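What follows is a set of notes on a single structure, which appears directly below.
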Amino acid sequence: PAHFGSSPSPACGRSRAPHAGARGAGARRSRPRRVAMDLSILDSLGLPEGSILSVRSGPTRRQSPLPCTAPFRLPGGPWPLRIDALSLLGKSSVGASLSKLDGDGCVVLPLEARDGRKMSVTLQVIDPKASNRPKQPSEVQSKSKENDGGTSQPQVRKRDTEAEARAYLDKHRLHEFMHALFELLLRERPDDPYGFIAARFKQAAQYEPRHGSDNSILQKHEKASRSLVSTAPTSAPTAKSDTDPQACPAPLDGQVQVVVRNLRGRTLARMGARLDESVLAIKERLAKTLNVPVASQHLLWWAETLPNDTTLEEHGIPSTGASIHLAVAARESRVKLALSGSSDGGIRLWNMHHGELVRDFNTGGSNAILAMAVHWESMRAFTGAFNGRLQLWDLTSGGCLLDIAGHTEEINTVEVDWITMQGLSGASDAMAKLWNLQEGGCVHELKASSTVYTLAADWSRMKACGGLRSGVVRMWDLASGVHLRDFTSAVAAAQASNSAVSAVAIDCAGLRAVSGLEDGHLVYWHFARADEERSEATTSAGATSSGESPAKALPGPKPKALLAHYCAIRAIVADWRPQGSQALVGSDDGSLSLWRVDTSECLARFARHVGYVWTLHADWVRGRALSGAFDGCFKLWDLRNGDCLRTIQSHSRPVRSICGGGV
């Protein structure tokens with residue numbers, strides 16, 4: 001049984017209307033209004049718990065493990081539904097990697113089957129610049145048949161459509177171009193946005209190579225993207241006239257002509273430059289010409305920032321000359337350094353004043369860095385990865401000081417008391433653990449009933465709270481490792497709106513929390529303070545150390561709910577105060593918003609990422625925030641007005657953890 005509800009889709013429910021000032025008197029035909037439906041799975045029969053229910057409506061597919069706690073958002077249409085019931089047959093082991101490749105770049109990864117059968121998958125790693133030919137699935141299958149006595153293997157797809165799509169986007173740099181285009185559109189906000197976009201497309205088409213000679217030039221100089229800062233709010237320097245002889249010096253022999261423009265397309269300067277000349281040298285010349293400090297300049301070529309230590313030749317700039325764009329950071333970053341962790345397994349340290357990479361910790365691999373805590377005074381970082389390992393890093397030297405096999409599943413959150421060198425970690429194995437970071441030993445195992453998504457600690461009272469996947473907030477005594485209490489006000493609020501808890505920020509000392517729901521609502525609620533005091537008295541008497549179950553929490557003040565976004569809230573950070581507490585939230589629609597939770601007042605709205613916002617970090621004292629998202633970028637924000645100060649293309653995969661600061 002299922003329940004249907006139709007609502008306009010915020011992404012595609014608006015039809016384009018012609019601008020009042022657009023040329024031509026002909027009216028455009030209005031597009032049919034698309035609608036979306038919410039499909040709620042109420043019950044199932046014959047499906048074991050843990051099965052995956054997959055529902056397809058037209059081109060869109062949604063899936064969730066049973067029981068499904070949140071409705072599926074699907075497009076409505078005349079097509080029928082396709083429903084599949086799936087189950088987990090096996091998974092790779094914790095230590096699976098691509099380190100043991102044979103001469104052809106192949107590796108056989110064994111899988112752990114639920115029924116104990118022998119299971120594996122054969123992979124081949126291909127270097128695009130190498131001459132080795134990719135193997136066909138039929139070749140591997142025929143070899144498997146010989147080894148298995150002729151047993152037929154299931155036919156696999158010959159083409160990896162996702163890899164082809166990514167290669168196409170990378171070839172034409174469409175991801176970088178669209179990212180920069182929408183940043184510019186939201187910043188400029190022209191009266192005719194479609195005409196503005198059309199002009200940018202036309203300008204980009206002029207640079208797209210169409211002839212074989214142009215393609216050979218790009219392929220000759222093509223290299224991995226070193227994009228750092230893709231866009232930034234600008235203050236446009238005074239444009240020099242194209243007819244000004246001082247702005248248009250003739251290039252000397254061995255030089256190419258470089259035209260420098262602002263993001264609106266106005267010419268700022270023309271100069272001759274050698275292809276092997278460093279970007280830093282070009283910036284120094286522009287500083288003398290335009291009176292713009294070098295540290296405030298960001299030069300972009302095809303929406304990719306040119307780092308100071310690179311040359312024009314490294315970025316494929318042709319010998320016939322080029323037009324590059326200059327973005328000028330108008331405001332101080334206030335955050336000196338930033339540390340980012342990604343799904344590609346990388347950890348990178350960034351200088352936020354000019355957006356340059358300071359250090360790459362060379363931890364790339366399949367193990368995403370999902371959580372981190374940083375102490376900038378001592379330049380130490382504590383990280384948790386997808387493979388369940390915890391690592392303590394020295395950010396100055398780049399060395400790993402401690403490596404712990406902490407959990408059997410991915411680690412979602414870490415919390416550290418840097419004074420006593422104690423750390424907390426929470427993972428998907430339904431366990432939180434207290435660690436001695438000086439010795440690397442586990443002090444206590446804190447049992448949770450489900451995945452631990454968030455941790456908060458009151459180290460002075462040795463209490464910790466964890467936000468669980470079920471929506472419950474669980475409290476532990478860190479001195480004894482005893483489970484004290486569960487608080488469920490957010491779960492009740494989610495059930496009342498037929499939704500589920502997707503994120504939470506906890507004030508362990510003030511006994512309150514703000515929870516984000518799958519439907520975009522934000523719930524501010526308090527713990528039962530009197531009940532918490534009663535639990536402490538029970539713990540001191542030694543009652544909870546026996547097999548006796550903890551008492552249920554008494555109801556607290558009535559929760560306050562507000563609609564923050566139209567998509568699921570995925571990340572929350574809060575500034576807890578006696579009055580006027582604030583919460584910064586990130587949503588699946590790529591946008592952020594800042595709220596005063598006690599009055600339900602929206603203080604600022606932020607521009608969008610491309611994709612989900614996975615992680616947030618706020619420096620409330622400096623008034624700055626960092627957000628990492630699915631697009632592989634992280635952004636620096638001004639918390640006072642929601643302006644974007646920096647956009648750093650930091651990784652090739654989603655940014656899953658971020659911290660900022662520095663002394």
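The values are calculated or read from the model by the stated rules, or taken from the named source; none is laboratory data. Note that the structure is predicted; figures quoted are calculated from it, not measured. Heads up, the Cβs are rebuilt from the backbone with ideal geometry, glycines too, and the neighbour counts pull from every protein chain shown. These accessible areas exclude ligands, DNA and RNA; they are computed on the full protein's heavy atoms, side chains included. Shrake-Rupley method; radii C 1.70, N 1.55, O 1.52, S 1.80 Å.
Work out how much length LYS118 to SER450 would gain on full extension: take 0.36 nm times their residue separation and subtract the Cα-Cα distance, in nm to one decimal. All intermediate terms of the calculation are to be shown ahead of the outcome.
On the way: separation 332, 0.36 × 332 = 119.52 nm, distance 2.97 nm.
Result for the pair: 116.6 nm of gain on full extension.
For labels at TRP620 and LEU401 in the simple 7 Å Cα→Cβ model, what's the distance in nm?
2.7 nm
Kindly provide the chymotrypsin sites (Phe, Trp or Tyr not before Pro) of region 579-656 that DSSP labels as loop, not H, G, I, E or B, and whose Cβ sees at most 16 other Cβ atoms within 10 Å.
Answer in residue order: TRP620.
For region 601-663, which trypsin sites (Lys or Arg not before Pro) pass both filters: DSSP loop (anything but H, G, I, E, B) and at most 10 other C-beta atoms within 10 Å?
Hits after loop and neighbour filter: nothing returned.
List the pair-distance distribution P(r) of region 600-663, using every Cα-Cα distance, as the percent of pairs falling in each 10 Å bin from 0 up to the bin containing the longest distance, rounded to whole percents.
Binned Cα distances yield the sequence 23, 54, 22, 2.
Which percent of the accessible area of region 380-458 is formed by carbon and sulfur heavy atoms (probe 1.4 angstrom)?
46 percent
With a 1.4 Å probe and all protein chains kept in place, how much accessible area does MET421 have, in Å² rounded to the nearest 10?
Estimated to the nearest 10 Å², MET421 gives 40 Å².
Ranked highest first by the average count of other Cβ atoms within 10 Å around their residues, in what order do 561-569, 282-290 fall? Display every interim value, and only then the final one.
Values: 561-569: 20.0, 282-290: 16.9.
By packing density, highest mean first, the sequence is 561-569, 282-290.
If you count only protein heavy atoms with a 1.4 Å probe, what accessible area per residue comes out for region 267-324, rounded to a whole Å²?
35 Å²
Tally Lys/Arg at +1 and Asp/Glu at -1 over every other residue whose Cβ is under 13 Å from the Cβ of ASN387; what's the total? Walk me through the numbers before you get to the answer.
Details: positive: LYS91, ARG389; negative: ASP403, GLU409, GLU410, ASP429.
Charge balance in the 13 Å sphere: -2.
Protein chains only, probe 1.4 Å: how do ASP127, ASP417 rank by accessible area, largest first?
Numbers: ASP127 80, ASP417 25 Å².
The most accessible residue leads, giving ASP127, ASP417.
Just the accessible area for ARG56, please: 1.4 Å probe, Å², rounded to the nearest 10?
100 Å²
Calculate the spin-label point distance for ALA479 paired with LEU563, positioning each point 7 Å from the Cα along the beta-carbon direction, and give it in nanometres.
With each label placed 7 Å out from Cα toward Cβ, I get 4.8 nm.
If you stretched the chain out fully between CYS106 and LEU357, how much longer would it get, using 0.36 nm times the residue separation minus the C-alpha to C-alpha distance?
Stretched fully, the CYS106-LEU357 segment lengthens by 87.1 nm.
Report the label-to-label distance for LEU186 and LYS288 in nanometres (one decimal), using points 7 Å from each Cα along the Cα→Cβ vector.
3.9 nm
Based on the mean of other Cβ atoms within 10 Å per residue, sort peptides 578-589, 384-395, 351-362 so the most packed one is first.
Listed from highest to lowest mean packing, they are 384-395, 578-589, 351-362.
Shape verdict for region 279-437, please, from the Cα gyration tensor: rounded (a/c under 1.5), prolate (a/b greater than b/c) or oblate.
In terms of gyration-tensor shape, prolate.
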